[in-house]
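For reference, the structure is listed below as structure tokens.
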Amino acid sequence: MDSHTVAAQTAITPHDEQAHPPFLRHHFANVAQQRETATFGMWLFLLTEIMFFGGMFCAYLIYRNWYYPAFVAGSHTLHIWAGTLNTTLLIISSFTMAMAVHAAETRQRKPLLRWMVLTMILGIGFLCVKAYEWHDEWVEHHVPGLNFSPAEFQNGSKAYPDDKLPLDMAEKAQVYFSLYFAMTGMHALHMIIGVSLLAFLFVKAWGGAYTTGHVAPIENFGLYWHFVDIVWIFLYPLLYLISRHQ
Amino acid sequence: MSTIVTLPDQSTAQLPKVSYLNQEYGLKSWLLTGDHKRIAMLYLISITFFFFIGGAMAALIRMELLTPVSDLLAADTYNKVFTAHGIIMVFFFLVPSVPATIGNFCIPIMVGAKDLAFPKINLLSWYIYIAAGIMMICVLVFGGVDTGWTFTTPLSTHYLNTNVVTAGLAVFLAGFSSIFTGLNFIVTIHRMRAPGMTWFRLPLFVWSHYAASILMVLGTPVLAITLVLVVLERTIGIGVFDPTKGGDPLLFQHLFWFYSHPAVYIMILPGMGVISEVMSTFSRKRVFGYTAVAFSSVAIAVFGFFVWAHHMFIMGISNYSALVFSLLTMLVAVPSAIKIFNWSATLYKGSITFETPMLYAFGFIGLFTIGGLTGVFLGSMGMDIHLTETYFIVAHFHFVMVGGMLMAYLSGVHFWWPKMTGRMYPEGVSKLAAVITFVGFILTFFPQFILGYLGMPRRYAAYPPEFQVLNVFSSAGASVLGVGYLLPLLYLTWSLKYGKIAGANPWQATGLEWQIQSPPLTENFAETPIVTHEAYDYEWLESKKAREVPTVG
Amino acid sequence: MEHHEHHLHLTASEPTHHEEHIVSPTVYLIIGTCLLILTASTAAISYVDLGVFNAVVALAIACLKGSLVVLFFMHIKYSSKLTKLTVAAGFFTFLVLLTMTMTDYLSRAWGRW
């Protein structure tokens, strides 16, 4: 497939004859350069992710200022325990992922596989809780565009009977839920991609691909996973916490 | 200082036996290649295809506007045609034009690397581009889309029943292709430079691509999320931009222009890089004020993120905010002017010759200056309120994008054609094409400035009869321009087989890419180059030529 | 700018010089515990009525947690200046998006001159 195989043979410079492992691509001088390059590329990709989520955070800030009562009422309908549980799951999964990276760096295959499985389980656990929450919101007619009903926000909910908004403001809870679903949906999409990638990496790690010094894929996947965790670390207070007492 | 031009005698030049073009044969060797030069060629073919589709749309627009009434095209068809023209030209031609073709081909060689940092991602970026392109073609085949290239809400989300979702996803995908290209460039420029290739020895072409890549990486994701929200709003009915649910349509414009204003710098900066190379090569002088030109690229990239709301002065944003954005817009004129002045100063006392790339570059300087200055008019709020949504805007951005960027692109294609293919284009007919393009361009778009100033609005199929004379001029110019663009397609294709053999360095340019054979080897350099000279050091080139034993082929 | 880029060195003497810093599991454990404690405290604080400061405190804790993840789990503390700058550039551009958009939203209600 690679048209440079011939070139790669001739291009090996004498200085790295002691270190030319099979995973070193021909256009890099040595493993260190390849690894740094991959890490830098990953960081630039995360930069794009910051801006991708940034657009939604920006919208959230603006609309929260505009429709403050609706955002408070919308936030009141979320389960704080679910948000906290999910935050905990993700933080532990970040820890296990960090340990997986450590296992790859120290070339221990079994621990690497163990930490990867744990990370995967925690990620799937997060998605299950999230699915439960979405189902709940569907049942309570909170999905804008599909089945949204302002009734609960006009008449007050069980937990917050004082949340009685005039109809025009109650309608604005749709904006809150639009952003809620867009943000958690995009986040969950990233989680699903993350878990799938992890499964793929697991298969290759099973064969020992990442415990011979070729840590870049595990390391860069770790960066991705932690980034997704950070997004949730900010979503959690914005969506669940800051309106509790307003 | 010796600046006497002695171009090499090409009659003795031969094509090298092994090059990236003949290293491997067969369709598979192209479609699965990791070679940045082959991917550049794939891009060159695909963007040329889209350029001529977009051009056909432009031809339809100009034919319709030949008469004051909506006779050739019905009004809604006209809307679809100008939308297709805008989307294709912006996202499928201008954004990838120079970076994905010439940049892809030259940047690894210019920094002295064997390939881009991520060859597979480079190939992936082309496939994503093709997928996006196919989606866009589907949009056209299945009835078109009529939002205008800006997808403005709530028009795009509520009032149209055309293929907005497909078009939006096509642009979303094209954006990813552009992100991957930009990401690859940044990493390559940081991490893959040859020994001795310091930042201030990089050709200005690399600097301007670096700046454009920053914009691609930081700006495009905002467009992506905006389009995702538009698509969700259209399909599910969430209410982020929908005023009936409490959303603010202006927020869409903020987010859209947060990308799309920097996007015009994504389009123009690589072109400016081409001009720097061409100006220096054909006046045989180091670019005047190298550091200033290098940093002006970065300055344009940074300022680009602070000015977007000048597209929205009449849309209902706050007056105070508009004032801030109007003032900040003036800042962009400074680095752009630095470039123009420095290129002009490069010519001073240079040994100027007028090969085709240089003619296009001169075209660029004149037309871009007009386009840029009218941009300053439009950036000042009072003028903008009079001129926005008129043909003045249309003329302004065509001067920058077509007069500027397309001229730069053609300049670059001619300049590096010998390097890419190993053969020269025919000089006589290509000079003619450059002149025809320039004349046709002026004839097409200059009348539009006047039309806009007189108040003819854009995006309408019909117009008051008193505007017809100028519109006829414009349409006549467009047909001249069409000839100007068809000619290079014909003679460049012809030159693939019949062009004169170019030899390694037909222009006697100093860049690293000119020190290797044309077309280059797959791995670019037989051995990693060690850079000891500054960019555009013509004395170094002279002494190198004096020392080396002439070997050909 | 980056004088110490490894590929400028053609000598084979320093393959370990650019070896990534391996963070010890103890650090990961400490940071993970801190993150869990912070999560518990931010959840607990949200039940106390602090007025506008509920949002301030919650976001401050979120920033702290995010910084811990970036610095230690993502190894930024041990990374090159370039990587640090990349992260900074991302947040800077996000802030530009936020502040420049807010110039419009904050002053829109001020009316005409």
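The values are calculated or read from the model by the stated rules, or taken from the named source; none is laboratory data. Only a predicted model underlies this, so the values are computations on that prediction, with no experimental measurement involved. We place every Cβ from the backbone using ideal geometry, glycine too, and count neighbours over all the protein chains shown.
Scanning region A:173-187 finds no residues that are of a type in the set (A, V, I, L, M, F, W, C) and touching a Ser or Thr at 6+ places or on another chain (Cβ under 8 Å).
In region B:265-306, of all residues being among the β-branched types (V, I, T) and surrounded by fewer than 23 Cβ atoms within 10 Å (Cβ to Cβ), the one that is nearest to B:E534 (Cα to Cα) corresponds to B:T291.
Scan region B:541-550 and give yes if some residue there is surrounded by 15 or more Cβ atoms within 10 Å (Cβ to Cβ) and under 30 Å from B:T291 (Cα atoms), otherwise no. Quick ask: steps written out before the conclusion?
Step one: of region B:541-550, the residues surrounded by 15 or more Cβ atoms within 10 Å (Cβ to Cβ) are B:541-542.
Cutting the leftovers down to under 30 Å from B:T291 (Cα atoms) gives us B:541-542.
Taking every residue of region B:541-550 in turn, at least one turns out to be surrounded by 15 or more Cβ atoms within 10 Å (Cβ to Cβ) and under 30 Å from B:T291 (Cα atoms).
Note on region C:1-44: residues that are in a helix (DSSP H, G or I), modelled with pLDDT of 75 or more and either within 8 Å of chain A (Cβ to nearest Cβ) or exposed (fewer than 15 other Cβ atoms within 10 Å of the Cβ) (or both) amount to 18. Based on what the data block shows, is B:F258 within 14 Å of chain C (Cβ to nearest Cβ), closer than 18 Å to B:A212 by Cβ, of a type outside the set (S, T, N, Q) and touching a residue at least 12 places away in the same chain (Cβ under 8 Å)? Spelling it out, B:F258 is indeed within 14 Å of chain C (Cβ to nearest Cβ), closer than 18 Å to B:A212 by Cβ, of a type outside the set (S, T, N, Q) and touching a residue at least 12 places away in the same chain (Cβ under 8 Å). Within the option set B:V439, B:V435, B:V400, B:V413, being over 30 Å from B:Y498 (Cβ atoms) and under 23 Å from the mean Cα position of the chain (by Cα) holds for one residue only, B:V400. Going through region B:226-253 one residue at a time, which ones are within 8 Å of another protein chain (Cβ to nearest Cβ), surrounded by fewer than 24 Cβ atoms within 10 Å (Cβ to Cβ), touching a Gly at 6+ places or on another chain (Cβ under 7 Å) and not in a loop (DSSP other than H, G, I, E, B)? B:K245, B:L250 - these are the residues of region B:226-253 that are within 8 Å of another protein chain (Cβ to nearest Cβ), surrounded by fewer than 24 Cβ atoms within 10 Å (Cβ to Cβ), touching a Gly at 6+ places or on another chain (Cβ under 7 Å) and not in a loop (DSSP other than H, G, I, E, B). On inspection, B:P506 fails the criterion of being within 19 Å of B:V413 (Cα to Cα), in contact (Cβ under 8 Å) with a residue 24 or more places away in the chain and within 14 Å of chain A (Cβ to nearest Cβ). Looking only at residues in region B:127-143 that are farther than 14 Å from B:F49 by Cα and among the aromatic types (F, W, Y), which one is modelled with the highest pLDDT? Out of the qualifying residues, it is B:Y127. Before we move on, is B:I109 touching a strand residue (DSSP E or B) at 6+ places or on another chain (Cβ under 6 Å) and modelled with pLDDT of 95 or more? For B:I109, the condition - touching a strand residue (DSSP E or B) at 6+ places or on another chain (Cβ under 6 Å) and modelled with pLDDT of 95 or more - is met. Could you say whether any residue in region C:74-94 is surrounded by 14 or more Cβ atoms within 10 Å (Cβ to Cβ), within 17 Å of A:F57 (Cα to Cα) and in contact (Cβ under 8 Å) with a residue 12 or more places away in the chain? No, region C:74-94 has no match at all. Residues in region B:389-430 that are among the polar types (S, T, N, Q) and touching a Leu at 6+ places or on another chain (Cβ under 7 Å): B:T421 only.
Quick grid of which residues meet (1) of a type in the set (F, W, Y); (2) in a helix (DSSP H, G or I); (3) in contact with a strand residue (DSSP E or B) (Cβ under 6 Å, 6 or more places away or on another chain):
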position: B:A322; (1), (2), (3): no, yes, no
position: B:L328; (1), (2), (3): no, yes, no
position: B:K339; (1), (2), (3): no, yes, no
position: B:W343; (1), (2), (3): yes, yes, no
position: B:G350; (1), (2), (3): no, no, no
position: B:G363; (1), (2), (3): no, yes, no
position: B:F368; (1), (2), (3): yes, yes, no
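Remark: A:V139 matches the filter, which requires a residue to be loosely packed, with under 13 Cβ neighbours inside 10 Å and either within 30 Å of A:I92 (Cβ to Cβ) or out of contact with any Asp or Glu (no Cβ under 8 Å at 6 or more places or on another chain) (or both). All conditions but one from (1) β-branched (V, I, T); (2) more than 26 Å from B:L251 (Cβ to Cβ); (3) within 14 Å of chain B (Cβ to nearest Cβ) apply to A:V175; the one that does not is (2). Name every residue in region A:33-53 that is farther than 20 Å from C:F73 by Cα, more than 7 Å from chain B (Cβ to nearest Cβ) and crowded, with 21+ Cβ neighbours inside 10 Å, in order of residue number. Passing the criteria: only A:F53. Per the conditions (1) touching a residue at least 60 places away in the same chain (Cβ under 8 Å); (2) within 14 Å of another protein chain (Cβ to nearest Cβ); (3) of a type outside the set (D, E); (4) surrounded by fewer than 21 Cβ atoms within 10 Å (Cβ to Cβ), the sole criterion not satisfied by B:T157 is (4).
Out of B:V98, B:V90, one residue alone is closer than 21 Å to B:V278 by Cβ, away from chain A (no Cβ under 14 Å) and assigned to a helix (DSSP H, G or I). It is B:V98. Looking only at residues in region A:199-246 that are facing another protein chain (nearest Cβ under 7 Å) and without any contact (Cβ under 8 Å) to a residue 12 or more places away in the chain, the one that is farthest from A:L24 (Cα to Cα) is A:H245.
Listed here are the residues, each with its yes/no results for (1) modelled with pLDDT of 90 or more; (2) outside any helix (DSSP H, G or I); (3) under 27 Å from the mean Cα position of the chain (by Cα).
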residue: B:S479; (1), (2), (3): yes, no, yes
residue: B:N505; (1), (2), (3): yes, yes, yes
residue: B:S518; (1), (2), (3): no, yes, yes
residue: B:E542; (1), (2), (3): no, no, no
residue: B:V549; (1), (2), (3): no, yes, no
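What do you reckon, is A:S196 more than 13 Å from chain B (Cβ to nearest Cβ), surrounded by fewer than 21 Cβ atoms within 10 Å (Cβ to Cβ), modelled with pLDDT under 95 and under 22 Å from A:V129 (Cβ atoms)? No.
Inside region B:381-460, counting only helices (runs of 4 or more DSSP H) that do not spill past its ends, which hold 3 or more residues that are crowded, with 20+ Cβ neighbours inside 10 Å and modelled with pLDDT of 95 or more?
Numbers: elements: B:381-387, B:391-398, B:407-421, B:427-454.
Of the helices (runs of 4 or more DSSP H) lying wholly inside region B:381-460, those with at least 3 residues that are crowded, with 20+ Cβ neighbours inside 10 Å and modelled with pLDDT of 95 or more span B:391-398, B:407-421, B:427-454.
Among the residues in region A:127-148, are any touching a Ser or Thr at 6+ places or on another chain (Cβ under 6 Å) and under 29 Å from A:P217 (Cβ atoms)? Spell out the reasoning first.
If we filter region A:127-148 for residues that are touching a Ser or Thr at 6+ places or on another chain (Cβ under 6 Å), which is where we start, we get A:141, A:144.
Next, only the ones that are under 29 Å from A:P217 (Cβ atoms) stay: none.
No, the conditions are met nowhere in region A:127-148.
For region A:156-175, the criterion of a residue being touching an Asp or Glu at 6+ places or on another chain (Cβ under 7 Å) and either surrounded by fewer than 21 Cβ atoms within 10 Å (Cβ to Cβ) or not in a loop (DSSP other than H, G, I, E, B) (or both) is satisfied by at least one position.
Among the residues of region A:73-95, are any on the phi < 0 side of the Ramachandran plot and within 14 Å of chain B (Cβ to nearest Cβ)? Yes; the residues of region A:73-95 include at least one that is on the phi < 0 side of the Ramachandran plot and within 14 Å of chain B (Cβ to nearest Cβ).
What about B:V187, is it within 26 Å of B:I109 (Cβ to Cβ), hydrophobic (A, V, I, L, M, F, W, C) and more than 20 Å from the chain's Cα centre (by Cα)? Walk me through how you get there before you give the answer.
Numbers: within 26 Å of B:I109 (Cβ to Cβ): yes; hydrophobic (A, V, I, L, M, F, W, C): yes; more than 20 Å from the chain's Cα centre (by Cα): yes.
Taking the combined requirement at face value, the residue satisfies it.
The residues of region A:209-246 that are charged (D, E, K, R) and assigned to a helix (DSSP H, G or I), listed by number, are A:E219, A:D229. If I go through region C:54-110 residue by residue, how many of them are within 7 Å of another protein chain (Cβ to nearest Cβ), among the charged types (D, E, K, R) and within 17 Å of the chain's Cα centre (by Cα)? Qualifying residue count for the region: 1.
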